[in-house]
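The values are calculated or read from the model by the stated rules, or taken from the named source; none is laboratory data. Just so you know, these numbers come straight off a predicted model, no measurement behind them. Quick reminder, even Gly has a Cβ in these numbers, built from the backbone with ideal geometry, and neighbours come from all protein chains shown.
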Amino acid sequence: MQKKERIYQLDYLKGIFVLLMLVFHNSVIKDGGLPIAQAIYTFDIPGFMIISGYLTSIEKEAAAFGKGMMKWIVPYVIFESTYVVMIFYLGKIMKTSNEIASLSPSVMIDKVLLNPSGTYWYLHTLIICAVTYYLAYHLLKLKDMSGLAILGAWLFALSLLIKGFEMRNAMYFLIGVFIKTNGKSFLDTVKPSAFAAVPLCVLFLFPDNFDRGTLAGIAITILVISFLLFLYEFCPRKAKALLIYVGQNSLAIVVFSPIFTAICAKFIPYFDFDPTHLLFASVALVLTASGCLFCAWTCDQLGVSRFLFLKKRFYVGYKNGNDKSLFDQESAS
């Protein structure tokens, strides 16, 4: 099967969203109640979910689809299980917001299958959405809007049964699927626009809109994507290359970030002179992102990526921003 042409604008968006996640999902920022943090929560992970829904391919035989899904499932199970153990033994020392009262097979099963802790809920939600998407379209042989309606109904039912699976997150995956099935490309559906900033500013004036589970939250997410795509054309080449590089390694940042977030939390007292905590968050961002990328590279070098991620090469190297080296790179799917 011929690989689809890579849409580098989507890597660019993922790079921005994952960096915002590292900054504003930091516990010290989250607990601070800053309005900007609430605004970021509204669109960063939803933006990820839209892109994931759009990029999820179901045009495969069951065996091929299952093999592809295992590249998400295996690291999710390994890292979520490791995180649960780490929180149980080191939670108080690391001062994490998550707590594990006891460590038993039932608790582990609950956390892995039903109610994940930490940033791994994103992978949990993505896996459920992707598998349900495949089943809805292949078992019932449905297409287009009829398939989308059934998929939405199934996901809603699952949100009632699985504690850690929320429909307000899954609906953004549905939006991504809708964009994919409407017969147009992502960039032809969500067009870059400078004018998206106008309604976006109006929505940001009212904190009640900072809820991803509302129509206002959906509007904010779509408008942010549209405006960021507009900025893509004006982004300096080096900065654009860096964001694309981060976006292509976003899975590595998601799975390794809890380790470095916990380490960085030990240094919070040294930044007490900054009441906004944004300086700490910025320093933690650089250390966490760098650490995650180094871990991904190290896994490749040690040959463990094939066990953790079912890939020989998990880490995607940085391109220096020249047109040929950046935009002629083959898809790293």
Legend entry - Matching residues, the range 118-159, being free of Cβ contacts under 8 Å to residues at least 60 places away in the same chain, buried (at least 19 other Cβ atoms within 10 Å of the Cβ) and closer than 30 Å to F88 by Cα: H124, I128, S159
Inset, instruction - Say whether the condition of being hydroxyl-bearing (S, T, Y) and either in a loop (DSSP other than H, G, I, E, B) or modelled with pLDDT under 95 (or both) is met by at least one residue in the range 308-324. - result: yes
Inset, instruction - Considering every residue within the range 148-155, establish whether at least one is assigned to a helix (DSSP H, G or I), under 20 Å from I51 (Cβ atoms) and touching a Phe, Trp or Tyr at 6+ places or on another chain (Cβ under 7 Å). - result: yes
Inset, instruction - Output the residues belonging to the range 42-72 that are in a helix (DSSP H, G or I), over 17 Å from the mean Cα position of the chain (by Cα) and over 20 Å from A296 (Cβ atoms). - result: A62, A63, A64, F65, G66, K67
Inset, instruction - Would you confirm whether any residue within the range 123-132 is modelled with pLDDT under 90, farther than 30 Å from F227 by Cβ and assigned to a helix (DSSP H, G or I)? - result: no
Inset, instruction - Could you grab me the full set of residues in the range 228-272 that are modelled with pLDDT under 90 and surrounded by fewer than 20 Cβ atoms within 10 Å (Cβ to Cβ)? - result: I259, I263, A265, K266, F267, I268, P269, Y270, F271, D272
Legend entry - S257 vs. criteria assigned to a helix (DSSP H, G or I), hydroxyl-bearing (S, T, Y) and under 15 Å from F48 (Cα atoms): no
Inset, instruction - Quickly run through the range 256-292 and pick out the residues that are hydrophobic (A, V, I, L, M, F, W, C), touching a Phe, Trp or Tyr at 6+ places or on another chain (Cβ under 7 Å) and touching a residue at least 40 places away in the same chain (Cβ under 8 Å). - result: I268, F280, C292
Legend entry - Meets criteria (in contact with a helix residue (DSSP H, G or I) (Cβ under 9 Å, 6 or more places away or on another chain), closer than 30 Å to L114 by Cα, touching a residue at least 40 places away in the same chain (Cβ under 8 Å) and of a type in the set (S, T, Y)) for Y232: no
Inset, instruction - Output the residue which, of all residues in the range 163-192 that are out of contact with any Leu (no Cβ under 8 Å at 6 or more places or on another chain) and not in a helix (DSSP H, G or I), is surrounded by the fewest Cβ atoms within 10 Å (Cβ to Cβ). - result: G183
Legend entry - Unmet criterion (only one of (1) modelled with pLDDT of 85 or more; (2) more than 15 Å from the chain's Cα centre (by Cα); (3) not small (G, A, S)) for P75: (2)
